[in-house]
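Working notes for the structure below.
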Amino acid sequence: MPENRSLVFLPPSSPKLNPLEQLWLHPRDNRLSHCVFQTTDEIVDTRCDALNWLARPRDSCDPARDRARDARQINRVRHFAAADKLDPDLAQKFLRFVISEFVRRHEANLAEA
């Protein structure tokens, strides 16, 4: 090993120091938690689905292409606007503007890369 390098051993569980451990946080919290399995095959299938989700093509991770996420956000902002006695249509229009601006800038950045 070169003299200007040294090994640093991490504690057994150190997600903040080991980025690979961070990789499991989202699938664990959103795809593997609160599950009740009837068979071992269900456990294996659910784990495989979570691993496939992690290994999906990068384009499917692209927020500019995730229209289902946009719909969830719009429903959420309409709910909050109505709960606060604001105009849900105006809140939706504003959110659509923010999302479209985000998508426009994101696609411009992709084109420059």
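The values are calculated or read from the model by the stated rules, or taken from the named source; none is laboratory data. All of these numbers come straight from a predicted model, not from anything done at the bench. Here the Cβ positions follow ideal geometry from the backbone for every residue, glycine too, while neighbour counts run over all protein chains shown.
Brief remarks follow.
- Of everything listed in (1) surrounded by 10 or more Cβ atoms within 10 Å (Cβ to Cβ); (2) at pLDDT 75 or above; (3) assigned to a helix (DSSP H, G or I), the single unmet condition for Ala68 is (1).
- Candidate set from region 15-55 (those that are part of a loop (DSSP other than H, G, I, E, B) and loosely packed, with under 10 Cβ neighbours inside 10 Å); member that is modelled with the highest pLDDT: Thr39
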